[in-house]
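First up is the structure itself, then whatever we jot down about it.
The values are calculated or read from the model by the stated rules, or taken from the named source; none is laboratory data. Just so you know, these numbers come straight off a predicted model, no measurement behind them. Here the Cβ positions follow ideal geometry from the backbone for every residue, glycine too, while neighbour counts run over all protein chains shown.
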Amino acid sequence: MSTTRTDHEVVIVGGGPVGLMMAIELGRRGVDVAVIERRTTRLRHPRAIGLHARTMEIMRQLGWAEDVRRVGNLPLERWSSFGYMTRLNSPDIGSIDLMADPDRVERAYSESPEMIAWCAQDVFEPFLVEKVGEFPSVGVTTGLRVTHLEQHEDHVVLTVEDEAGSVRQISAEYVVGADGAHSAVRGLLGIDAPVSPTKGHQLNACFVGDLRPYLGDRNHILWWVINQDTTGAFLTYDGDRRWVYSWGYDPNRESVADYPPERCTEVIRSAIGDAGADVEFERVFPWTIDAAIADRFRSGRTFLIGDAAHRLPPSGGFGMNSGIQDAQNLAWKLALVLRGHAEECVLDTYDEERRAVAWFNADQIHRNVEASAKVGWVMTDPDMLARIEGPDGGPVRQQIADAIPLQEDQYWSYGQQFGFVYESAAVIGDGTAAPTSVVSDYVPSAAPGAHAPHVWLRDPEGNRLSTVDLLHTDFVLLTTPQGAEWRTALEDLSAPRGLPTAGYAIGEGGDFVAENGQDWLARYGIEASGAVLIRPDGHVCMRATNVGTPAREVLAQALAKLLAGPVVNAGVGQA
């Protein structure tokens, strides 16, 4: 812990969804947090829209899942499909519907209590701003940009400038850079983020218009358009009048300046298939189909999360979702260190765990982009595009139809969302390996490092809840009623140091019973005398199959390793 008096315990640079979630995760643990944001107005472009099931679990644990769905106003029961067509007013060549397979949906609810939700970033962000206000230890200041960062052994000093040009300094024990793909914090730290080969250049045009006359009875959330005039995708942000159309352009031949409102409107109308469509253009912005992952997610007392750490293309929707999970991973570790429950070296595991996930996501998104080319996205074959709408275009349309099932991985990614397994000093191996999940299929496992599996439970009053609902904020120990020795040992070990823990017995006579006779012990891979210790981010940190060694000894060794691992030089210096 710092011995220098600072203005705040943590300063978060960046007030987008990822920075706000970091503030919320710290604020609900009572940490003194200052969020500084360069913008003074709300986000002008909706950007991300999909909140993965894993992210919705976090919203659920905060009690906000249904609020997010209400704010997003795009119920999954209605907006569950992704369509492919030559133009918006043309019939579908094919589609993928997330809810079309009842068996898959049922399996999904056996793997998580939540499903994906649609909530445009420009309404999700104000929702989080409102929620941040519920935590008195968190303050948000807008109109500030960071111009200098100086790290010391026990604190960090930021130099910030407001819109009037006034300069001041803010000090903190730790700083978190959540300031986006062009992160000022990352730049001031001198951390490189090599960019992958670019797969294409896109323009996103936001507009308002009543497109219902062209949609028929289709309720796709995403509409892929493929023709010789324009290839791109429509995305609805409210199921009504707010839309974006994204299409490719060649920066070697033209620039964004070559797309004034009149031309953008023309492109949109061409994609719709009606030159007279009532479209009110708002704005356009460019982006590239590439990835960039920072060489380090930590430097001294400063951390990078979200796009500041890893910029990912939107295929599969892992940008904002990964950033929110970065915040969840880092926040509990920072809180434990700040409260003296864990040694400072525990923070090294953030980089170790989350950078591996970022690389996996980037590799899979690259595969998604390659698969998208098979259905016409970034298609470069002019002959195919010229024929697709003509009388001889049947084979081209059929080729696209045949490739549509290959797109499943970017829409249904439960294995990618839930199946990653952390390996770090914050995980205690038990000699077993988690079964391998593939991108679309998740194999639940309670192997150390894995996401603790979801099991539906009933409390003594008959109320239904998930194991996921138990696994937030504290270290949680799950046992059977026969495992009282484990729960007593955990309480005895944690109480003297004030470590936040909780223990629950699942089984007849315990705190909960598994619903419909589910064998939760089999899913967790333990015997009736065993126990599983789960971290505040819902990942298993220790599993004891049985009580072969005295429970107190096993837990004492586990906590010692988890909270005071081997010392690693974090590279404190100046930037």
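Observations on the structure shown:
- Criterion: surrounded by fewer than 18 Cβ atoms within 10 Å (Cβ to Cβ) and at pLDDT below 95 - qualifying residue of PRO481, PRO435: PRO435
- Residue match in the stretch 101-116 (condition: over 30 Å from VAL71 (Cβ atoms), outside any strand (DSSP E or B) and free of Cβ contacts under 8 Å to residues at least 24 places away in the same chain): yes
- Taking the numbered list (1) over 28 Å from the mean Cα position of the chain (by Cα); (2) of a type in the set (D, E, K, R); (3) over 30 Å from ASP409 (Cα atoms) in turn, ARG301 passes all entries but (1).
- Within the stretch 484-522, considering residues that are of a type in the set (A, V, I, L, M) and part of a helix (DSSP H, G or I), the one surrounded by the fewest Cβ atoms within 10 Å (Cβ to Cβ): ALA522
- Looking across the stretch 250-264, the residues that are touching a residue at least 24 places away in the same chain (Cβ under 8 Å) and surrounded by fewer than 18 Cβ atoms within 10 Å (Cβ to Cβ) come down to ASP250, PRO251, VAL256.
- Test result for ARG241, in contact with a Gly (Cβ under 9 Å, 6 or more places away or on another chain) and either of a type in the set (Lys, Arg) or surrounded by 15 or more Cβ atoms within 10 Å (Cβ to Cβ) (or both): yes
- Filter result (among the aromatic types (Phe, Trp, Tyr) and more than 18 Å from HIS220 (Cβ to Cβ)) within the stretch 100-124: TYR109, PHE124
- The stretch 188-213 residues that are without any contact (Cβ under 8 Å) to a residue 60 or more places away in the chain, paired with ones that are assigned to a strand (DSSP E or B) (beta carbon under 7 Å, 6 or more apart): none
- Taking (1) of a type outside the set (S, T, N, Q); (2) in a helix (DSSP H, G or I); (3) touching a residue at least 12 places away in the same chain (Cβ under 8 Å); (4) closer than 30 Å to ALA450 by Cα in turn, GLY340 satisfies each apart from (2).
- Residue within the stretch 35-50 that is closer than 17 Å to GLN328 by Cα, among the small types (Gly, Ala, Ser), touching a residue at least 12 places away in the same chain (Cβ under 8 Å) and surrounded by 18 or more Cβ atoms within 10 Å (Cβ to Cβ) present: no
- Answer from ALA558, ALA484 - the residue that is farther than 29 Å from ALA331 by Cα and hydrophobic (A, V, I, L, M, F, W, C): ALA484
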